[in-house]
Amino acid sequence: MVPGQDAEVQVGTARTRGRPRSFDRAAALEKALMAFWEHGYEATSVSDLTRSMGIGAPSLYAAFGAKRTLFEEAVQVYTGTHGAFVDRALAEEPTARAAVERVLREAAAEYTDPAHPYGCLVVHAATNCTSPEVEELLRGLRNGTIAALESRIRTDLAAGRLPAGTDAAALARHTGAMIQGMSQQARDGASREELEALAEIAMAIWPRD
(Lines give C-alpha, C1' and ligand atoms only; values in the text may rest on other atoms or scores of the structure.)
Protein backbone atom coordinates (compact mmCIF):
# COMPACT_ATOMS: atom_id res chain seq x y z
CA MET A 1 0.00 0.00 0.00
CA VAL A 2 1.28 3.47 -0.85
CA PRO A 3 2.11 5.49 2.27
CA GLY A 4 -0.65 7.96 3.04
CA GLN A 5 -3.22 6.06 1.00
CA ASP A 6 -5.46 5.39 4.00
CA ALA A 7 -5.51 9.08 4.82
CA GLU A 8 -6.42 9.93 1.23
CA VAL A 9 -9.27 7.41 1.26
CA GLN A 10 -10.57 8.82 4.56
CA VAL A 11 -10.42 12.37 3.25
CA GLY A 12 -12.17 11.34 0.04
CA THR A 13 -14.87 9.51 1.99
CA ALA A 14 -15.39 12.48 4.28
CA ARG A 15 -15.74 14.79 1.28
CA THR A 16 -18.28 12.43 -0.31
CA ARG A 17 -20.30 12.26 2.89
CA GLY A 18 -20.21 16.02 3.23
CA ARG A 19 -21.65 16.72 -0.21
CA PRO A 20 -25.35 17.62 -0.40
CA ARG A 21 -27.41 14.69 -1.54
CA SER A 22 -28.66 15.26 -5.07
CA PHE A 23 -32.38 14.64 -5.68
CA ASP A 24 -35.23 15.66 -7.94
CA ARG A 25 -36.59 18.69 -6.11
CA ALA A 26 -39.90 18.80 -7.98
CA ALA A 27 -40.54 15.10 -7.38
CA ALA A 28 -39.67 15.45 -3.69
CA LEU A 29 -42.01 18.45 -3.40
CA GLU A 30 -44.85 16.48 -4.98
CA LYS A 31 -44.32 13.70 -2.42
CA ALA A 32 -44.40 16.25 0.39
CA LEU A 33 -47.63 17.63 -1.06
CA MET A 34 -49.21 14.18 -0.96
CA ALA A 35 -48.12 13.68 2.66
CA PHE A 36 -49.59 17.01 3.75
CA TRP A 37 -52.76 16.34 1.74
CA GLU A 38 -53.26 12.94 3.33
CA HIS A 39 -52.44 13.75 6.95
CA GLY A 40 -52.67 17.53 7.31
CA TYR A 41 -49.98 19.99 8.33
CA GLU A 42 -49.88 19.27 12.05
CA ALA A 43 -49.89 15.47 11.85
CA THR A 44 -47.16 15.33 9.21
CA SER A 45 -43.81 15.30 10.99
CA VAL A 46 -40.41 16.12 9.52
CA SER A 47 -39.52 12.42 9.76
CA ASP A 48 -42.70 11.59 7.82
CA LEU A 49 -41.67 14.07 5.17
CA THR A 50 -38.09 12.87 4.83
CA ARG A 51 -39.31 9.29 4.59
CA SER A 52 -41.89 10.05 1.91
CA MET A 53 -39.57 12.41 0.01
CA GLY A 54 -36.63 10.02 0.15
CA ILE A 55 -34.20 12.63 1.48
CA GLY A 56 -32.48 13.38 4.77
CA ALA A 57 -33.44 16.19 7.12
CA PRO A 58 -30.36 18.27 6.20
CA SER A 59 -31.34 18.10 2.52
CA LEU A 60 -34.91 19.06 3.35
CA TYR A 61 -33.83 22.10 5.34
CA ALA A 62 -31.26 23.10 2.72
CA ALA A 63 -33.73 22.86 -0.15
CA PHE A 64 -36.96 24.07 1.47
CA GLY A 65 -35.98 25.95 4.62
CA ALA A 66 -38.34 24.47 7.20
CA LYS A 67 -41.50 22.41 7.49
CA ARG A 68 -43.75 25.46 7.22
CA THR A 69 -41.99 26.92 4.18
CA LEU A 70 -42.07 23.47 2.57
CA PHE A 71 -45.81 23.36 3.24
CA GLU A 72 -46.31 26.81 1.75
CA GLU A 73 -44.50 25.73 -1.39
CA ALA A 74 -46.56 22.54 -1.55
CA VAL A 75 -49.74 24.62 -1.32
CA GLN A 76 -48.54 26.74 -4.23
CA VAL A 77 -48.09 23.58 -6.29
CA TYR A 78 -51.52 22.33 -5.25
CA THR A 79 -53.36 25.53 -6.14
CA GLY A 80 -51.64 25.58 -9.52
CA THR A 81 -52.48 21.97 -10.35
CA HIS A 82 -55.04 19.89 -8.44
CA GLY A 83 -56.85 22.93 -7.07
CA ALA A 84 -56.80 25.10 -10.19
CA PHE A 85 -60.19 24.00 -11.51
CA VAL A 86 -62.08 26.85 -9.81
CA ASP A 87 -59.99 29.59 -11.42
CA ARG A 88 -60.15 27.85 -14.80
CA ALA A 89 -63.93 27.61 -14.72
CA LEU A 90 -64.34 31.24 -13.69
CA ALA A 91 -62.02 32.34 -16.49
CA GLU A 92 -63.38 30.12 -19.25
CA GLU A 93 -67.14 29.85 -18.76
CA PRO A 94 -69.46 32.52 -20.22
CA THR A 95 -71.62 32.98 -17.11
CA ALA A 96 -71.29 32.64 -13.35
CA ARG A 97 -73.91 29.91 -13.37
CA ALA A 98 -72.02 27.87 -15.97
CA ALA A 99 -68.78 28.40 -14.07
CA VAL A 100 -70.22 27.23 -10.75
CA GLU A 101 -71.89 24.23 -12.37
CA ARG A 102 -68.53 23.26 -13.85
CA VAL A 103 -66.72 23.88 -10.54
CA LEU A 104 -69.05 21.57 -8.63
CA ARG A 105 -68.89 18.89 -11.30
CA GLU A 106 -65.10 19.00 -11.40
CA ALA A 107 -64.90 19.08 -7.60
CA ALA A 108 -66.89 15.84 -7.49
CA ALA A 109 -64.35 14.24 -9.83
CA GLU A 110 -61.21 15.75 -8.29
CA TYR A 111 -62.12 15.11 -4.67
CA THR A 112 -62.83 11.41 -5.27
CA ASP A 113 -59.93 10.67 -7.63
CA PRO A 114 -58.11 7.59 -6.21
CA ALA A 115 -54.82 8.78 -7.76
CA HIS A 116 -54.31 11.09 -4.77
CA PRO A 117 -55.74 11.72 -1.28
CA TYR A 118 -59.44 12.47 -1.20
CA GLY A 119 -60.88 15.92 -0.64
CA CYS A 120 -59.13 19.27 -0.83
CA LEU A 121 -55.77 20.13 0.72
CA VAL A 122 -56.80 23.74 1.34
CA VAL A 123 -59.91 22.65 3.24
CA HIS A 124 -58.35 19.93 5.40
CA ALA A 125 -54.65 20.60 5.92
CA ALA A 126 -55.10 22.94 8.89
CA THR A 127 -57.29 20.58 10.94
CA ASN A 128 -56.15 20.70 14.60
CA CYS A 129 -53.34 23.01 13.49
CA THR A 130 -51.39 25.03 16.07
CA SER A 131 -49.66 27.26 13.50
CA PRO A 132 -51.44 30.62 13.09
CA GLU A 133 -49.47 31.21 9.89
CA VAL A 134 -50.71 28.00 8.28
CA GLU A 135 -54.27 28.62 9.39
CA GLU A 136 -54.14 32.17 8.00
CA LEU A 137 -52.68 30.98 4.69
CA LEU A 138 -55.41 28.41 4.08
CA ARG A 139 -58.20 30.64 5.40
CA GLY A 140 -57.05 33.32 2.99
CA LEU A 141 -57.19 30.90 0.07
CA ARG A 142 -60.68 29.71 0.97
CA ASN A 143 -61.96 33.24 1.41
CA GLY A 144 -60.23 34.23 -1.82
CA THR A 145 -62.23 31.60 -3.68
CA ILE A 146 -65.48 32.93 -2.25
CA ALA A 147 -64.47 36.49 -3.16
CA ALA A 148 -63.69 35.43 -6.75
CA LEU A 149 -67.08 33.73 -7.01
CA GLU A 150 -68.84 36.81 -5.65
CA SER A 151 -67.02 39.06 -8.11
CA ARG A 152 -68.11 36.90 -11.02
CA ILE A 153 -71.70 36.80 -9.78
CA ARG A 154 -71.75 40.59 -9.42
CA THR A 155 -70.48 40.92 -12.98
CA ASP A 156 -73.38 38.84 -14.24
CA LEU A 157 -75.81 40.74 -12.03
CA ALA A 158 -74.66 44.06 -13.48
CA ALA A 159 -74.96 42.65 -17.01
CA GLY A 160 -78.53 41.49 -16.40
CA ARG A 161 -77.67 37.80 -16.58
CA LEU A 162 -79.07 37.30 -13.07
CA PRO A 163 -82.30 38.65 -11.59
CA ALA A 164 -82.13 42.06 -9.93
CA GLY A 165 -81.93 41.67 -6.18
CA THR A 166 -79.83 38.50 -6.30
CA ASP A 167 -77.72 38.35 -3.13
CA ALA A 168 -74.28 37.90 -4.69
CA ALA A 169 -72.47 37.51 -1.37
CA ALA A 170 -74.84 34.85 -0.07
CA LEU A 171 -74.83 32.96 -3.38
CA ALA A 172 -71.02 32.95 -3.45
CA ARG A 173 -70.82 31.79 0.15
CA HIS A 174 -73.34 29.04 -0.57
CA THR A 175 -71.12 27.81 -3.39
CA GLY A 176 -68.09 27.96 -1.10
CA ALA A 177 -69.95 25.91 1.48
CA MET A 178 -70.82 23.35 -1.17
CA ILE A 179 -67.20 23.04 -2.30
CA GLN A 180 -65.95 22.65 1.26
CA GLY A 181 -68.75 20.25 2.19
CA MET A 182 -68.13 18.09 -0.86
CA SER A 183 -64.49 17.89 0.13
CA GLN A 184 -65.36 16.65 3.63
CA GLN A 185 -67.87 14.15 2.30
CA ALA A 186 -65.27 12.81 -0.13
CA ARG A 187 -62.93 12.30 2.83
CA ASP A 188 -65.76 10.45 4.55
CA GLY A 189 -66.20 8.08 1.61
CA ALA A 190 -68.80 9.71 -0.65
CA SER A 191 -68.53 8.62 -4.28
CA ARG A 192 -68.22 10.83 -7.31
CA GLU A 193 -71.79 10.02 -8.30
CA GLU A 194 -73.08 10.99 -4.85
CA LEU A 195 -71.25 14.31 -4.98
CA GLU A 196 -72.52 14.96 -8.50
CA ALA A 197 -76.06 14.47 -7.19
CA LEU A 198 -75.37 17.13 -4.55
CA ALA A 199 -74.10 19.46 -7.25
CA GLU A 200 -77.34 19.05 -9.21
CA ILE A 201 -79.38 19.99 -6.15
CA ALA A 202 -77.14 23.00 -5.50
CA MET A 203 -77.62 24.25 -9.05
CA ALA A 204 -81.40 23.77 -8.85
CA ILE A 205 -81.66 26.67 -6.41
CA TRP A 206 -79.60 29.07 -8.53
CA PRO A 207 -81.62 32.08 -9.74
CA ARG A 208 -82.30 32.35 -13.46
CA ASP A 209 -82.55 35.52 -15.51
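Could you grab me the full set of residues in segment 126-165 that are over 16 Å from Thr79 (Cα atoms), among the hydroxyl-bearing types (Ser, Thr, Tyr) and at pLDDT 95 or above?
Ser151, Thr155
Being over 19 Å from the mean Cα position of the chain (by Cα), among the aliphatic types (A, V, I, L, M) and on the phi < 0 side of the Ramachandran plot, is that true of even one residue in segment 47-59? Quick ask: steps written out before the conclusion?
At the first step, the residues of segment 47-59 found to be over 19 Å from the mean Cα position of the chain (by Cα) are 47, 50-51, 54-59.
Checking which are among the aliphatic types (A, V, I, L, M) leaves us with 55, 57.
Next, from what is left, pick out any that are on the phi < 0 side of the Ramachandran plot: 55, 57.
Yes: one or more hits.
Restricting the search to segment 107-138, which residues are touching a residue at least 12 places away in the same chain (Cβ under 8 Å), part of a helix (DSSP H, G or I) and either among the polar types (S, T, N, Q) or surrounded by fewer than 18 Cβ atoms within 10 Å (Cβ to Cβ) (or both)?
So in segment 107-138, the residues touching a residue at least 12 places away in the same chain (Cβ under 8 Å) come out as 107-112, 116-131, 133-134, 137-138.
Next, only the ones that are part of a helix (DSSP H, G or I) stay: 107-111, 121-124, 133-134, 137-138.
Selection gives Ala109, Glu133.
Being assigned to a helix (DSSP H, G or I) and under 21 Å from Gly140 (Cα atoms) is the requirement here; does Ala74 meet it? Don't jump to the end; show me each part of the working.
Values: assigned to a helix (DSSP H, G or I): yes; under 21 Å from Gly140 (Cα atoms): yes.
In short, yes.
Just one of Ala186, Ala202, Ala168, Ala190 is in contact (Cβ under 8 Å) with a residue 60 or more places away in the chain, more than 20 Å from the chain's Cα centre (by Cα) and surrounded by 15 or more Cβ atoms within 10 Å (Cβ to Cβ); which is it?
Just a single option satisfies the conditions, and that option is Ala202.
Does segment 149-160 contain at least one residue that is under 20 Å from Ser183 (Cβ atoms), among the hydrophobic types (A, V, I, L, M, F, W, C), out of contact with any strand residue (DSSP E or B) (no Cβ under 6 Å at 6 or more places or on another chain) and in a helix (DSSP H, G or I)?
Restricting attention to segment 149-160, the residues satisfying the condition of being under 20 Å from Ser183 (Cβ atoms) are 149-150.
Keeping just the survivors that are among the hydrophobic types (A, V, I, L, M, F, W, C) gives 149.
Within this subset, residues satisfying the condition of being out of contact with any strand residue (DSSP E or B) (no Cβ under 6 Å at 6 or more places or on another chain) are 149.
Checking the rest, the ones that are also in a helix (DSSP H, G or I) come to 149.
Yes, segment 149-160 has at least one match.
Which residues, taken from segment 185-209, are farther than 30 Å from His39 by Cβ and assigned to a helix (DSSP H, G or I)?
Once the filter is applied, which keeps residues that are farther than 30 Å from His39 by Cβ and assigned to a helix (DSSP H, G or I), segment 185-209 yields Glu200, Ile201, Met203, Ala204.
Just to be sure before I move on: is Asn143 closer than 27 Å to Thr44 by Cβ, among the polar types (S, T, N, Q) and without any contact (Cβ under 8 Å) to a residue 40 or more places away in the chain in the structure I sent?
In short, yes.
Would you check which residues across segment 67-93 are small (Gly, Ala, Ser) and more than 15 Å from Ala35 (Cβ to Cβ) and list them?
Across segment 67-93, the qualifying residues are Gly80, Gly83, Ala84, Ala89, Ala91.
The values are calculated or read from the model by the stated rules, or taken from the named source; none is laboratory data. Because the structure is predicted, anything quoted here is derived from the model rather than measured. Ideal geometry is used to build each Cβ from the backbone, glycine not excepted, and the neighbour counts take in all protein chains shown.
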